[in-house]
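**Q** After the structure tokens below, expect a handful of questions from me.
Here, each number is a calculation from the coordinates, and none is a lab measurement. Since the structure is predicted, the reported quantities are computational estimates derived from the model, not experimental observations. A quick note on method: Cβ atoms are made from the backbone with ideal geometry, for glycine too, and the neighbour counts reach across all protein chains shown.
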Amino acid sequence: MHIPRIASAFVAFLVTLVVLWVGLPLLGPVYLFLVAIAIQEYAAMMELRGVPVRRRSLWVVSALTLPASLPAGHPWMEVLGGVPWRELLLIGFALYLLVAEVVTSNRSSLHSLVFTLFGYVWISWGFGLIITLRYTPDGVIGLWYLTFPMLAIIATDVGGYVFGSLWGRRLLAPRISPKKTIEGLLGGLALALVVVGTTMALLPLWTDFRLDVVHLLVFALAVPLAALAGDLFESLVKRWAGVKDTGVFLPGHGGVLDRIDSTLIAVPATYLLVKLLLI
């Protein structure tokens, strides 16, 4: 029963590794493709609650987020003067929405402003940190920084599914995600801890990249927890919207948001840890 789920997760991980290894030539188009579909799914969910979302504005600003997400040290950003484009883009988009809703004021303007900006921060802006992290502080070390949350996401998903199916008894958050159990949570976190911790411990054998024991434990614990938080938060949004899946992008697996929900929290959490602890 578990083999197809594990096999598909393994294949997805291998494909992800290829995209991450190639870098911007593949990572850029993949980002634009997934974010465009995720915004469509998000806007459709919001419409079910009567909340109008400016999806075309989200598509445009998401495209601009791609180059803006490159770190200051990247050659492309040096040409642009090393300006913090991500932050400026976020502020500029917030101001644009404010003006647009004031000009076209109606009963739904406040909801449209809040939920459109939230959709950008949660999906486009947060997911754009994949590109930032991939080249922080350079294209070599950044690849490893980005591999950690990918490993954590896959391991948490597989471990939670297997342990939850075999031994799950006590529900974790029945009002948000009725199928998740405490046993699945512990199993997923344990597997992620082993996978991420082992990878970090073995890195010195392959590269010059090293983490001390304290940093290793922080990453191995915090990143899987962030991945789980991303999954539960997306479940909360779906429950509020009254849908089971965000779409049908992958038959049997739901929509794009269902697949990248953990990434939307795990990658920003990893980036935060890298900036606070390592750079």
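**Q** What percent do you get for the relative contact order of the chain when only Cα pairs under 8 Å and 6+ apart count?
**A** 20
**Q** So what's the chain giving for Rg/Rh, alpha carbon basis, Kirkwood Rh from the mean inverse pair distance?
**A** Looking at the chain, the ratio lands at 0.98.
**Q** Got a sec to turn the phi values of region 225-239 into Karplus ³J(HN,Hα) couplings, 6.51 cos²θ - 1.76 cosθ + 1.60 with θ = phi - 60°, whole Hz, x for Gly and Pro?
**A** Couplings: 5, 5, 4, 5, 4, x, 5, 5, 5, 5, 5, 5, 5, 5, 5 Hz.
**Q** Between D138 and W59, how high is the FRET efficiency from 1/(1 + (r/R0)^6) when r is the Cβ-Cβ distance and R₀ = 30 Å? Nearest 0.05. Write down the numbers at each step before the final one.
**A** Numbers: r = 31 Å, r/R0 = 1.02.
Between D138 and W59 the formula returns 0.45.
**Q** If you take the square roots of the eigenvalues of the alpha-carbon gyration tensor of region 83-230 and sort them as a ≥ b ≥ c, do you get rounded (a/c under 1.5), prolate (a/b over b/c) or oblate?
**A** Since a/c reaches 1.5 but b/c is at least a/b, the shape of region 83-230 is classed as oblate.
**Q** Tell me which residues come under 5 Å, amide H to amide H, from A173 once H is placed; ignore anything under 5 positions away on its chain.
**A** Counting only residues 5 or more places away or on other chains, the set is K180.
**Q** Further question: State, to one decimal in nm, how far the label point of W206 lies from the label point of R169, with both points 7 Å from Cα in the Cβ direction.
**A** 3.9
**Q** Considering Cα pairs under 8 angstrom that are at least six residues apart, work out the relative contact order of region 123-279 and quote it in whole percent.
**A** 26
**Q** 7 Å from Cα along Cα→Cβ at both V83 and A44: what's the point-to-point distance in nm?
**A** Taking the simple label geometry, V83 and A44 are separated by 3.7 nm.
**Q** Can I ask one more? Semi-axes of the equivalent ellipsoid of region 29-163: what are they in whole Å, largest first, if each equals the square root of 5 times a C-alpha gyration tensor eigenvalue?
**A** For region 29-163, the semi-axes come out at 29, 23, 10 Å.
**Q** Please express the shape of region 140-221 as an equivalent ellipsoid: the semi-axes are the square roots of 5 times the eigenvalues of the C-alpha gyration tensor, given largest first in whole angstrom. Each step should come with its number before you reach the end.
**A** Details: eigenvalues 173, 24, 20 Å².
Here the semi-axes work out to 29, 11, 10 Å.
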